[in-house]
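The values are calculated or read from the model by the stated rules, or taken from the named source; none is laboratory data. For clarity, every value in this text was computed on a predicted model and none was experimentally measured. Cβ atoms come from the backbone with ideal geometry, glycine included; neighbour counts cover every protein chain shown.
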Amino acid sequence: MADLATRYKRITAVYAAFSLASVIPSAVFAVYLAQKGLDPVILGIILSSFSFGSIFIAPIIGSISDNMGRKPVILAGIALEALATLMYLLGTDAITIFLARLLDALGYFAVVLVAIAKLEDLLSDSDHKSEQVGKSLSIAQIGHVVGPLIGGVLADAFFIELPFLSTIFMLVVLFWVYSAIPKTAPPQPPLLRLTFNPIPALRQFLSERVFRGLAALGMAHQSVVPAFLIFIPIHLIQDLHLSFTHVGVALFVQAIPMLFQFYGGKLSDKLGSRKVTFIGSGFTCLALFGIAFAPSFEWLLVALLVHGLGTSLWNVSALSYLSQFGEKNKQEATYLGSFISLSKVGAFIAFLLSGFIVQAHGFSALFQVIGLTLGFGITYALGADEVRHRFVEPPINVMRNFIHWR
């Protein structure tokens, strides 16, 4: 059986490789689909299926992996992500793209959520878990940083389909390599009834007032997802007449702070997760208005960098609080899945409305609306945080960085 350090490095490498592969098409994704005749309004509605599916998928995936084991779920997720990417590449109608987006959600969370839960399993006895998990996920986040840039360069240098083909190839190789590694975890107990019914898990999660506040704040943060996935790329390509490489650079700059999650973990340990949660959310809110009023591409990059900083601090601090409860009940992935599920409600609503906002009032108005939404989310979460000292305690456990702008 492999030692703990080897297993820790292995799951970090799998998560990092998957992160890179899954986001390579990001710089061309919206424009490529728009070239198939889908206007931004219809595109937003179609792509909302990822967020809609996540509402139900995340808690189910978490519960399944808690009971049947991490590796089988991760392997299934890699295969589904490859299939979804192939459907994006070959699909020519809205229904195919809609179904691909659902499979994408299932595959993405089966890998990302469960990989984070596995890291938590391996580090359960560590005295410096926040810092260690932060380092691991900072390494994994390298893929999210460089992937869109690689995809933009590939599309400009060769052809627009190459980023999708590259993703499929990498996922097939990753599946083959990871499946060849002998399973080291002990047998898991039989599946529980809760596994296939997310409602009890969501009801249990929402029974805590502080969790309700965090869920509302998570929804507000997630309302930016369609703006990054669809409207920033389209704005840069069609309105500013820039290249796919410029889109990749923009997404690269926004993701750079994610590489330094371990510093955020140290800050959260020192100041308390409550303070860092709202500091990060405040930076993110200000950055959204900066994006809305950016007078040039250079200023847009500055605002995107601040947005990435705020989002990274939010990721570090908010989820560290959740894991304390999950660890006590041996339901780390279930709690995390419930939080993702509720947060994705915000992304789902935003996907349905963002296209109409842009069509009626323009790109700037969309980010102003998102900024106001996050401001209201911060206000509500502060009000729900009635037991404030509970957020000041240093986090026992950290699960973070799972929410990407998808």
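Structure values in brief
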| item | result |
| --- | --- |
| Sole exception among (1) within 21 Å of S22 (Cβ to Cβ); (2) modelled with pLDDT of 85 or more; (3) over 17 Å from the mean Cα position of the chain (by Cα) for H235, by number | (1) |
| Any pair with Cβ under 6 angstrom, 6 or more apart, that starts in region 105-119 at a residue that is buried (at least 24 other Cβ atoms within 10 Å of the Cβ) and ends at one that is not in a helix (DSSP H, G or I) | V112/F402; L113/F402; I116/M399; I116/F402 |
| Single match in S54, S49, S19 (criterion: within 23 Å of V153 (Cβ to Cβ) and not basic (K, R)) | S19 |
| Residues within region 290-319 that are free of Cβ contacts under 8 Å to residues at least 40 places away in the same chain and within 28 Å of S268 (Cα to Cα), tallied | 5 |
| The lone exception for T92 - which of (1) modelled with pLDDT under 85; (2) crowded, with 24+ Cβ neighbours inside 10 Å; (3) among the β-branched types (V, I, T) it fails | (2) |
| Listing of helices (runs of 4 or more DSSP H) fully contained in region 1-112 that carry 3 or more residues being under 17 Å from the mean Cα position of the chain (by Cα) and either under 20 Å from L165 (Cα atoms) or acidic (D, E) (or both) | 4-23, 26-34, 70-90 |
| Boolean, F348 is in a helix (DSSP H, G or I) and at pLDDT 90 or above | no |
| Extreme residue, surrounded by the fewest Cβ atoms within 10 Å (Cβ to Cβ), among residues of region 222-249 that are touching a residue at least 60 places away in the same chain (Cβ under 8 Å) and in a loop (DSSP other than H, G, I, E, B) | S243 |
| Failed criterion for F262 (all others in (1) assigned to a helix (DSSP H, G or I); (2) more than 26 Å from G375 (Cα to Cα); (3) modelled with pLDDT of 75 or more hold) | (3) |
| Options S312, S296, S323; residue that is at pLDDT 70 or above, surrounded by 24 or more Cβ atoms within 10 Å (Cβ to Cβ) and polar (S, T, N, Q) | S312 |
| Residues within region 22-77 that are at pLDDT below 85 and touching a Pro at 6+ places or on another chain (Cβ under 7 Å), tallied | 4 |
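One line per residue, one yes/no per condition, for (1) touching an Asp or Glu at 6+ places or on another chain (Cβ under 6 Å); (2) buried (at least 21 other Cβ atoms within 10 Å of the Cβ); (3) at pLDDT 90 or above; (4) more than 26 Å from F109 (Cβ to Cβ):
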residue	(1), (2), (3), (4)
G308	no, yes, yes, no
K330	no, no, no, no
T334	yes, yes, no, no
S364	no, no, yes, yes
I370	no, yes, yes, no
